Amino acid sequence: MTEGEAVEIAFALIALLFVAFVVLGVLAVVKATRAVKRGVERTVADTRRSVTEASLKVRSATQPGALGEIASLRLGLRTSIDSARGALTAAAPGDAGVQESLRLLDQLHGYGRRLDAELRQLEHEPDKARVAERLVDARQRAERIRHSADSLRWAVQDRARHEQADGLDDLQAQIDLEAGALRHWTRQTAGEAEADAGRADGGGADAGGAGRPREITGAQKMTQDAFQTLLSKIEKVRRTDPA
C-alpha cells in the first residue's frame, strides 16, 4: 500500500466518523425536541383542563337553571372519571385485573367525552324547551357513567384494603410466634450450669459402679433402726391384745 492510498483511507475514515457524529447529533436533537414538545403539550393540556374545571365550578355554583345544571353534570363526569383513573393507575403495575379495569375505564371515558360534547352544545342551545328535554336523558346517562366509574374506584380501594389486612394478619401471626419463642429463654446461671455438670458426673459414676452394693449412710441406718423399733412395739401390742 502506497502512502497516497493510506492517506485516502484515513480521510475516508475521518469522513465516516464525521457523518456518524452528525447523524447521532441530529437524532439526539430530534429526540430532545420531541420530548420538549410532549412536555409542552402536556402542560398546555393540564392548564386548559384546570381552567375548564375552575370555570365549571364557578358556573355550577353561580348560574341558575339549566346552565348551572349542565356545568354541574360536566364537572361531575370529569371528577368521577379522573378519580377512578388515579386509583386504578396507582394499583395497575403488576396486576392484570386492574389493567383490564383500566381498559374498561378508557371505554367508559369515551362515552363520557361524547356526553360532555353534547352538554357543551346544550350550553349554546337557544331553545329552552329542547334543552330541558335533552337534559333528562343527559342526566340519566351522566349518572350511569359516574356510578360505573365510582364502582371501579371503590372496587380497587376495597381490594387494596383487603390485601393490606391479609398481609397485616400474616405479619401479626409471625410476630406472635416470634414473641412466644423469645419468652422461652434457655439461658442458665452459673450455679445451674455447675449443678448440671455435677449431675452429669454423678450419672457417670453411677454407670461406672453398676452392680456394686450401695453403701448405707449413718442417717439411713438410724431410720432403719427406728422403723424396726416401731415394728417391735406393734408386734408386742398385738400379742397382749385379749382378742
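Taken over region 6-62, the criterion of being among the basic types (Lys, Arg) and open to solvent by 100 Å² or more (accessible area, probe 1.4 Å) is satisfied by Lys31, Arg34, Lys37, Arg38, Arg42, Arg48, Lys57.
On the basis of being of a type in the set (A, V, I, L, M, F, W, C) and either within 30 Å of Val136 (Cβ to Cβ) or touching a Phe, Trp or Tyr at 6+ places or on another chain (Cβ under 8 Å) (or both), does Val7 make the cut? When the stated conditions are applied, Val7 does not pass them. For region 120-172, the set of residues classified as basic (Lys, Arg) and more than 29 Å from the chain's Cα centre (by Cα) consists of Arg120, Lys128, Arg130, Arg134, Arg139, Arg141, Arg144, listed by residue number. Tallying residues that are more than 13 Å from Leu77 (Cβ to Cβ), at pLDDT 90 or above and touching a Gly at 6+ places or on another chain (Cβ under 9 Å) within region 113-156 yields 1.
Looking across Gln107, Gln121, one residue alone is closer than 22 Å to Arg134 by Cα and either hydroxyl-bearing (Ser, Thr, Tyr) or in a helix (DSSP H, G or I) (or both). It is Gln121.
The values are calculated or read from the model by the stated rules, or taken from the named source; none is laboratory data. None of the values given here were measured: they were computed from a predicted structure. Every residue, glycine among them, receives a Cβ derived from its backbone with ideal geometry; neighbour counts consider all protein chains shown. What goes into the accessible areas is simple: the full protein's heavy atoms, side chains included, and nothing from ligands, DNA or RNA. Shrake-Rupley method; radii C 1.70, N 1.55, O 1.52, S 1.80 Å.
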